[in-house]
Amino acid sequence: MTGFSAFNKFTGELKDDGNLMPVLFIGHGSPMNGIEDNPFNQRWKQMAKEIPTPKAVLVVSAHWLSRGTRITAMDFPKTIHDFGGFPQELFNVQYKAPGDAALAKETASIIKSTNVVEDHDWGLDHGTWTVVRHMYPKADIPVLQLSIDYYKDPQYHYDLAKELYDLRKKGVLIIGSGNMVHNLGMVAWDKMNEPEYGYDWAITLNAKFKELIANGDHKPLINYKTLGKEALLAIPTPDHYLPLLYTLGLKGSKDPVSFFNDKAVAGSLTMTSVKIG
């Protein structure tokens, strides 16, 4: 859909129905989760059955970092294989969900803190399609991505997320896709197949993250560097952590919080995921 007629059609169809879509933070882990059958993606499939069917999905992925904020605005976003060294089967995947230019325009219009650029070049990276293809395998629900302005601080991202709140009222499922604990430089490759293997610091900090999230205490999570040396080990770069702040910024005062896929992988990664609402 393009132009003002499509925009009017979109905004007319996506009315505030008094209900709030949940918000998800999903630990997406290895790209192989996109094609394997394992407990992580089985839970993603189940989650899609437990929540209302969305009218569209908007993903903030750890793998789209930009200067400024951008949103995919093409009719059919391409499937991006932004990785290397994996089996050809993974590169063969094409997730052909439609985009929604009108939703992109609507989203850009409700964000007042910055000028959001409508993007026609990106697509769906593996932080998005490896998860969403399990949740909505028919690829019949529009999927868009919102980029992460890598030159802004955590507070900026948390505050920007709040501006997206009205999309929850219109049936849009917003997903932050990353990992709470994500240190690839310290991965124990020899422990990849050892269930729930996590370094002490990773397990300790992951538990602290959950405690703060459950209590709605977001300030220390925004200022995560104040959480000690464990936080610096868990978040050597903020790309996989910032999607969590988008999810937390969208929490309403009465939203319940729950966790799923709460497991460590290969020492320095956690798949811990959050449902809000």
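The values are calculated or read from the model by the stated rules, or taken from the named source; none is laboratory data. Quick caveat: nothing in here was measured; it's all calculated off a predicted structure. Here the Cβ positions follow ideal geometry from the backbone for every residue, glycine too, while neighbour counts run over all protein chains shown. Quick note on the areas: whole protein, heavy atoms, side chains included, nothing else; ligands and nucleic acids left out. Shrake-Rupley method; radii C 1.70, N 1.55, O 1.52, S 1.80 Å.
Numbers for the structure displayed
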{"quantity": "Rounded to whole Hz, the Karplus (6.51, -1.76, 1.60) HN-Hα couplings of the stretch 70-84, x for glycine and proline", "calculated": "10, 9, 5, 9, 8, 6, 9, x, 6, 8, 9, 9, 8, 6, x"}
{"quantity": "Accessible surface of the stretch 121-189 [probe 1.4 Å, protein heavy atoms]: carbon and sulfur percent", "calculated": "54 percent"}
{"quantity": "Helix-derived mean residue ellipticity, 222 nm - over the chain, DSSP H n ≥ 4, -39500 (n - 2.57), to 500", "calculated": "-9500 deg cm²/dmol"}
{"quantity": "Relative contact order %, the chain, counting alpha carbon pairs below 8 Å whose residues are six or more apart", "calculated": "30 percent"}
{"quantity": "Cα→Cβ-extended label distance, 7 Å offset, between LYS162 and MET32, nm", "calculated": "4.2 nm"}
{"quantity": "The chain - accessible surface per residue (Å², probe 1.4 Å)", "calculated": "43 Å²"}
{"quantity": "Positive minus negative residues near ARG67 (Lys, Arg vs Asp, Glu; Cβ under 10 Å)", "calculated": "+1"}
{"quantity": "Antiparallel bridge percentage (DSSP; both residues within the chain; nearest 5)", "calculated": "35 percent"}
{"quantity": "Trypsin sites (Lys or Arg not before Pro) lying in DSSP loop within the stretch 132-226, provided at most 13 other Cβ fall within 10 Å", "calculated": "LYS138"}
{"quantity": "Summed residue charge, Cβ within 10 Å of GLY249's Cβ, Lys/Arg positive, Asp/Glu negative", "calculated": "0"}
{"quantity": "Residue among LYS229, LYS55, LYS78 with the largest mean-square fluctuation in a Gaussian network model of the chain, springs linking Cα atoms under 10 Å", "calculated": "LYS229"}
{"quantity": "Among THR79, THR53, THR247, residue whose mean-square fluctuation peaks in a GNM of the chain (springs only between Cα atoms under 10 Å)", "calculated": "THR53"}
{"quantity": "Contour minus Cα-Cα distance for PHE83 and SER66 (0.36 nm per residue)", "calculated": "4.3 nm"}
{"quantity": "Fully extended contour minus Cα-Cα distance, from ASN215 to LYS229, at 0.36 nm per residue", "calculated": "2.8 nm"}
{"quantity": "Distance violations [Cα-Cα > 20 Å] among LYS254/LYS275; LYS78/LYS275; LYS210/LYS275; LYS45/LYS78; LYS169/LYS275", "calculated": "LYS78/LYS275; LYS45/LYS78"}
{"quantity": "Selected from MET74, MET192, MET180 as most flexible by GNM, with the chain as the system and alpha-carbon contacts under 10 Å", "calculated": "MET192"}
{"quantity": "Anchor LYS208: aspartates and glutamates whose Cα lies under 19 Å away (excluding residues fewer than 8 positions away in-chain)", "calculated": "GLU196, ASP200, ASP217, GLU230, ASP262"}
